[in-house]
Amino acid sequence: MATVGPPYELNNDQRKYFGLFPVEDNWEKQQLSSTIYVYFNKIKIVKVLNYGWGYLEYDTDINTIKREVLLPKTARGKEQKLTIPRVLKIKGSGVQFSGSFQGGNIHVYDNKRNLFFIKSYPEDGDMKSYEDIDNWISNYIANVPSNYFEWLTDQLTQRMLRIKIEAGDFIAFKLTQTEFGFARILSNVFEDRKRNFIEKNRLYWFHPRSLIVAPYAFFASTQNVNIEELVNKPNLPTVCIFDIDVYRGEMPIIGHKPLSEAEKQIPFPTNGTTSATLNVTKRDVEELMSNGKQ
């Protein structure tokens, strides 16, 4: 397998801003296909680079025999010939950075906690080239706060969370790198199904791991807002999202208040589509605020 230079790669200074391991001098990069490269530390695969739909880099820990056979992770497993599908099937052991040319833009994911903790936003523009990715990284690094690496260390040392979610919870979510939007959970579909609330709001329409949320026409530079004031803000149309971002803590719960009778009457989405996450933009919030409804 000849080693050929890839079209793009993060450098070690960039990697430290996202919690990726630096490439060591003794690591050897090897090309497995036209789109897949790996780094070996002796006979162990320690990093994977994937150019199939943009740029994906993630740290991993895959033991091999002579770089030809994959060793099993458990005593019950079997040795297998090293192939690209088998390598890609093994989950990363740390952080992964992705820049997608197919609408995904920039995401940094913590495989230990199963959540995204850094990402780009619509205001940043789409990623259409490696130059766009590099420009986004340069801008991101230029604007990090003075305590950034303390924050990053805290992120990378946190445990995986399993948060209890209830109707009436207030959640915060990132609108931009420095601003937060807010929403109210109107229904935890899984729990409400168990309570036989199905017919009232047609919860059978929605995936059982869904949340019905009502975003507020409000944003702030901090998550620490007064929920007694927040509850009086107007709402954007309700949306249905999977519960994983709240369950894992990517969208933190910042307070709770029982739903009022008026809030219980807020219309649910008119179709059963469940979105991967809360795709509300700052522009969406600003448009409602500018309509004089604030």
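Along the axis of the charge dipole computed for the chain (Cβ charges of +1 for Lys and Arg, -1 for Asp and Glu, origin at the Cα centre), the listed residues N26, I133, V231 are led at the positive end by N26.
Measuring nothing but how far apart in sequence close Cα pairs (under 8 Å, 6+ apart) lie, relative to its length, the chain scores a relative contact order of 12 percent. Its Cα centre serving as origin, the range 1-47 has a Cβ charge dipole (Lys and Arg +1, Asp and Glu -1) of approximately 160 debye.
When only the Cβ of Lys, Arg, Asp and Glu is charged (+1, +1, -1, -1), the dipole of the range 169-293 relative to its Cα centre reaches about 280 debye. Taking Cα atoms only, the orientation of helix 148-157 departs from the longest principal axis of the chain by about 80 degrees. Sparse packing (at most 14 other Cβ atoms within 10 Å of the Cβ) combined with a DSSP loop state is found for the following trypsin sites (Lys or Arg not before Pro) in the range 17-90: K42, K66, K73, R76, K78. Provide, for q = 0.10, 0.18, 0.19, 0.21 Å⁻¹, the log10 of I(q)/I(0) from a solvent-free Debye sum over equal Cα point scatterers in the range 140-234. The Debye formula, applied to the Cα set alone, gives -0.40, -0.98, -1.03, -1.10. Only DSSP H runs of four or more residues enter the estimate; each adds -39500 (n - 2.57), and after division by the residues of the chain the mean residue ellipticity at 222 nm equals -5000 deg cm²/dmol. Sequence-ordered 3J(HN,Hα) estimates for the range 10-21 from the Karplus curve with 6.51, -1.76 and 1.60 and θ = phi - 60° stand at 4, 9, 5, 5, 5, 4, 5, 6, 10, x, 7, 5 Hz, glycine and proline given as x. Taken about its Cα centre, the chain carries a charge dipole of about 1480 debye when Lys and Arg each add +1 at the Cβ and Asp and Glu each add -1 at the Cβ. All C-alpha pair distances within the chain, sorted into 5 Å bins from zero, spread as 1, 5, 10, 13, 15, 14, 12, 10, 8, 6, 4, 2, 1, 0 percent across the bins. Across the range 239-294, the relative contact order, built from alpha-carbon pairs under 8 Å that are at least six residues apart, equals 52 percent. Return the whole-Å distance between the Cα centroid of the range 6-21 and the Cα centroid of the range 203-260. Spelled out, the Cα-based centre of one part sits 34 Å from the other. Our estimate of slack between R162 and T273, defined as 0.36 nm per intervening residue step minus the Cα-Cα distance, is 37.5 nm. Counting only Cα atoms, the size of the range 123-190 along its three principal axes is 43, 28, 19 Å, in decreasing order. Backbone amide hydrogens, once placed in the peptide plane, bring D61 within less than 5 Å of S93, excluding anything fewer than 5 places away on its chain. Size descriptors for the range 184-259 (Cα atoms only): Rg and Dmax, in that order, 13.3, 39 Å. With R₀ fixed at 22 Å, the C-beta to C-beta distance from S221 to T281 puts the FRET efficiency at about 0.85.
Extending 7 Å from Cα along the Cβ direction at K89 and again at K73 yields two label points whose distance is 1.2 nm.
Using C-alpha pairs below 8 Å separated by at least 6 residues, the relative contact order for the range 12-156 is 17 percent. Provide the FRET efficiency to the nearest 0.05 for the D25-I253 pair, computing r from the beta carbons and using R0 = 51 Å. Computed FRET efficiency for D25 and I253 comes out at 0.70. Its Kirkwood hydrodynamic radius, worked out from the mean inverse distance over all distinct Cα pairs, puts the range 30-126 at 14.5 Å.
Computing Rg and the Kirkwood Rh from the Cα coordinates of the range 71-128 gives a ratio, Rg/Rh, of 1.14.
Readers should treat all values here as calculations from the given coordinates under stated rules, not as data from a laboratory. Because the structure is predicted, anything quoted here is derived from the model rather than measured. So basically every Cβ, Gly included, is an ideal-geometry build from the backbone, and we count neighbours across all protein chains shown.
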